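Everything below concerns the one structure shown next.
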Amino acid sequence: MIVQQGADKDESYWLVKSGDRILGPFKREEIKKKLYEKEIVVIDEVTTPMRRWRYIRDEPAFAVVVEEIRKTNLGSREDTELGTFTSTTQTVEVAEDTTTPIGGLGAPSSIQDAEIVEEKRAPNSARIAPPQAPGRSYGYGQDRRVRQDLKRSARMMWIVTIVVLLGAGFMFVRLQADHEQHDTGANLFKLVNEATVARKLGDFRRATEIYKRLADAGYLDPDMMIDMAALLLKTGDYSVSPARVLDTVQKASLVSSRPETRAKLETVRGLMYLVDAGRENAKSQYKKARDSFDEALKHEPGYPYAAFNRAMSVYLDPDFDVLDKEGVQELAAAFEGLASSSRAEPSVRSSAALMAALTLLKPRNPFYAARVGRALDAYKQSNAHYWQEASFLRIYALYLENNIAKAQTDLRLMLSVDPFVTGEHFVEPLLYVAPLKWASLLPICEELYRGINVPSGPSNRVWPEPEAMLQFCRFQAGHRPETARENLAELERKNPLDARIRSLAAYTMMSLNPEQAKAKVADATDDQEWDLGRVLRGRLCPRGDYKCINGELPKVTTVTPPPLYFRVGAARYHLALHAEALKAGESGKAEEYMRRARENLDIVQRISPHYLPLLGVTAETEGQ
């Protein structure tokens, strides 16, 4: 398009230099529109044909527009700060002399020529797209409002960034805390299981230590704390006061809403008084114990542990010796009721049966002999703990009934029982059972010896068993054990063919001369008289030689009570074979060995769950 010289300015076409680009040509109204729309700014330069480049702000043709923009930007208070801009672009003069170059590209003879020059200086897109003002332009770098907007935007971006980072940090900490809490919870759960297993298997010291760790970690479950107090009493560990533990539990909110827990707490408090009775004023302590047990029974009527221990506090009280016949029968009836209670645990039932027999035997009255016999038979069917001692008391009951012949027969069987069994059992911590020691049985043993050491049978022969029984009682009671050993050796020389006497002599020699003891029972046969001899032969296997023990098991399967020691040893032996088979990749053999191990352990668990050698073996099989 050709524009005639002298045309009205309103009809003029303008070129715009924005940064390094030349745009146009545009009519004046188009430039105004671009100014309003901020496609160009007032510090951009403009020119018309034959004129020099000038800032838009200095061009009179755009004075009104510039003022409006200034007022719009400033509002009512702000003023426009126009920075100095030094253009590095070469100034092009549009002169009348058509030979004067424009920007060094040759002189355009018209606006159309200038457009051609622009096309050479910049790509076509520069004429179409609005200019992208650089940081030093008026709209982005020099105008105060624009700078403030940029600062606010920058501040906002920093705030957003900080908020995002804080949120991410919070989520990380939360996830980490949840992970640690999960680990802590899993660890607590594992410790609770370990303590439960240790307590069940009689490892009371380990259970107590774990309970302490749980308490230190803030796990204050009332039942767990009460169990810990009971174990502290059982083990004699007073590093933590049982009374303080119970006081802590008493403040817990769960106790008041759980009658059984409250009854359990008062039961353990009563046990604490029973333990203290041996160190302080016994009479007052027994009274406090009974008050605690009565309180437990108020919360949970018929609670077996409280009922048993209350009866036990009466039995232990020195006033028991002056009880009349009715008082003895009442106490015995309390124990007998617990012995037959379906609500009571097996440990409570068996302990109650034993205590019923001891209660009825204390007056040495033949009137109670039959009940004593029934109670002891019930005990031996449910527990192997005091099996030999219970058998001895059963013989004494027969003696009280004047059944001498039966007493002599049962005496032979009693002398064939494994004497090590008693020390391999433990008592439930919530029960206070007076230990049945041979020292306390020694007076009965001497009385029984005098009563049944009489001639009997067709030959009117005096059997050696009563003498052997007396020496065995003395040896077990620790009453001049050296003399008892010598007397048994002398009795063996007088009866060289008596397998029972020989086995008893070997038993007394085991700690002194194991090789000599082994020689005495080396030729033990399957004869019933050799029951103890066969048991001792297995007991003399080297410590930890479970293969040897397993080899002896078939020879003692008919022994009464069942050979628990050998069953556990056989289980350990098969567990070792199981591990070897796994290493060799023989899965079939490994499964068979594990089956045999569990089979033996199940037998022991059914006969006597409180058998200490089970400790660790059961947990090992459960882990497979």
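The values are calculated or read from the model by the stated rules, or taken from the named source; none is laboratory data. Because the structure is a prediction, the values reported are computed rather than measured. Cβ atoms come from the backbone with ideal geometry, glycine included; neighbour counts cover every protein chain shown. Only protein heavy atoms, including side chains, enter the accessible area calculation; ligands, DNA and RNA are left aside. Shrake-Rupley method; radii C 1.70, N 1.55, O 1.52, S 1.80 Å.
Quick rundown of the values:
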{"quantity": "Residues (under 15 Å from GLY24 (Cβ atoms) and at pLDDT 85 or above) located in region 40-53", "calculated": "ILE40, ASP44, GLU45, VAL46, THR47, THR48, TRP53"}
{"quantity": "Evaluation of VAL65 against (1) at pLDDT 85 or above; (2) among the hydrophobic types (A, V, I, L, M, F, W, C); (3) in a strand (DSSP E or B) (one fails), failing number", "calculated": "(3)"}
{"quantity": "Scope region 480-492; condition in contact (Cβ under 8 Å) with a residue 12 or more places away in the chain and under 20 Å from GLY533 (Cβ atoms); matching residues", "calculated": "ALA484, ARG485, ASN487, LEU488, ALA489, LEU491, GLU492"}
{"quantity": "Criterion: open to solvent by 30 Å² or more (accessible area, probe 1.4 Å), farther than 22 Å from GLU330 by Cβ, in contact with an Asp or Glu (Cβ under 8 Å, 6 or more places away or on another chain) and not polar (S, T, N, Q) - qualifying residue of GLU266, GLU260", "calculated": "GLU260"}
{"quantity": "Selection from region 196-250 of residues that are under 17 Å from GLU428 (Cβ atoms), out of contact with any Leu (no Cβ under 8 Å at 6 or more places or on another chain) and aliphatic (A, V, I, L, M)", "calculated": "VAL197, ALA198, MET228, LEU231, LEU232"}
{"quantity": "Residues of region 493-519 that turn out to be open to solvent by 10 Å² or more (accessible area, probe 1.4 Å), of a type outside the set (Ser, Thr, Tyr), in contact with a helix residue (DSSP H, G or I) (Cβ under 8 Å, 6 or more places away or on another chain) and in contact (Cβ under 8 Å) with a residue 24 or more places away in the chain, as a count", "calculated": "7"}
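Conditions (1) free of Cβ contacts under 8 Å to residues at least 12 places away in the same chain; (2) crowded, with 16+ Cβ neighbours inside 10 Å, marked per residue:
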| residue | (1), (2) |
| --- | --- |
| ILE395 | no, yes |
| ILE404 | no, no |
| ASP418 | no, yes |
| THR422 | no, yes |
| LEU431 | no, yes |
| PRO435 | yes, no |
